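The values are calculated or read from the model by the stated rules, or taken from the named source; none is laboratory data. Values in this document were obtained by computation on a predicted structure and should not be read as measured data. When we count neighbours, we look across all protein chains shown, and the Cβ atoms used for this are built from the backbone with ideal geometry, even at glycine.
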Amino acid sequence: MIELHDALAALRRVRRDDDVLIATMAAARAWMELGKHPLDFIFVPSSMGHATSFGLGIALAQPERRVIVCNGDGSMLMNLGSLVTIAAQAPRNLVVIVLDNGVYEVTGAQPVPGRADFAALARASGFESVFHFSTLEKWTRNLDPVLGAKGPVFILLETTPVEGRAGPKSPGNAADRARALKRALST
């Protein structure tokens, strides 16, 4: 299993300057600790499960930019239907990363119900490119080809829960952050 911070730090190192990154729940907390970028949207407070739909909208509106969504397994369970919608729209520039740690981490590490096979669900939904990593070494070695695969791309990362940490704090007023992202997307 991969430590969440290590998985996201590796992603940060290869992230292009024009990539949009949407992070929610535990990924939002870890991503904020790695630094800010004008094209980051930290989906906190979040409507749990809606980061994939938000990412789809941006990917369709900004087809020249790669859009990366860092979603938790609990959040993905909340909106599994978005996988079918994403596959039907087939945005070549959307990457959905599900960080599967088996718990609703930021609300107290309660176990998610069952252990869904998210990679199989993505394939069954129609994703053309689906990847699954359980070690940091394989994840970091394959980052460039995976992020460059024909989209939409679905990536499942098996991560270890970070228990005992408070949930992510909002990085500011949501309306102001949305306006800032809109300005950054227009440049």
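Quick one: P38 ticks every box in (1) in contact with a helix residue (DSSP H, G or I) (Cβ under 6 Å, 6 or more places away or on another chain); (2) surrounded by fewer than 23 Cβ atoms within 10 Å (Cβ to Cβ); (3) in a helix (DSSP H, G or I); (4) of a type outside the set (D, E) bar one, so which box is it?
(3)
Identify, please: which residue in the stretch 41-62 is among the β-branched types (V, I, T) and either in contact with a His (Cβ under 6 Å, 6 or more places away or on another chain) or modelled with pLDDT under 90 (or both) and is, among those, surrounded by the most Cβ atoms within 10 Å (Cβ to Cβ)?
In this case the residue turns out to be I42.
Select from the stretch 158-171 the residues that are out of contact with any Asp or Glu (no Cβ under 7 Å at 6 or more places or on another chain) and either at pLDDT 90 or above or buried (at least 18 other Cβ atoms within 10 Å of the Cβ) (or both) and list them in ascending order.
Answer for the stretch 158-171, where residues must be out of contact with any Asp or Glu (no Cβ under 7 Å at 6 or more places or on another chain) and either at pLDDT 90 or above or buried (at least 18 other Cβ atoms within 10 Å of the Cβ) (or both): just P168.
Which residue pairs have Cβ atoms closer than 6 Å, lie 6 or more positions apart in sequence or on different chains, and pair a first residue in the stretch 18-31 that is in a strand (DSSP E or B) with a second residue that is charged (D, E, K, R)?
V20/R65; L21/D40
Is there any pair linking a residue in the stretch 118-143 that is farther than 18 Å from M76 by Cβ and of a type in the set (S, T, Y) to one that is at pLDDT 95 or above and surrounded by 14 or more Cβ atoms within 10 Å (Cβ to Cβ), with Cβ under 6 Å and at least six apart or on different chains, and which?
Correct list of pairs: T140/A10.
Exactly one of (1) within 12 Å of the chain's Cα centre (by Cα); (2) surrounded by fewer than 24 Cβ atoms within 10 Å (Cβ to Cβ) is unmet by V98. Its number?
For V98, the failing item is (2).
Picking from E137, E128, which residue would you name as being farther than 23 Å from K36 by Cα, surrounded by 12 or more Cβ atoms within 10 Å (Cβ to Cβ) and over 17 Å from the mean Cα position of the chain (by Cα)?
Result: E128 is the single residue among E137, E128 that is farther than 23 Å from K36 by Cα, surrounded by 12 or more Cβ atoms within 10 Å (Cβ to Cβ) and over 17 Å from the mean Cα position of the chain (by Cα).
Report, by residue number, each residue of the stretch 58-77 that is within 14 Å of the chain's Cα centre (by Cα) and not β-branched (V, I, T).
Hits for the stretch 58-77 are A59, R66, C70, N71, G72, D73, G74, S75, M76, L77.
Taking A88 as meeting all but one of (1) within 17 Å of P152 (Cβ to Cβ); (2) within 12 Å of the chain's Cα centre (by Cα); (3) small (G, A, S); (4) modelled with pLDDT of 95 or more, write down the number of the exception.
Tallying (1) within 17 Å of P152 (Cβ to Cβ); (2) within 12 Å of the chain's Cα centre (by Cα); (3) small (G, A, S); (4) modelled with pLDDT of 95 or more, A88 fails exactly one: (2).
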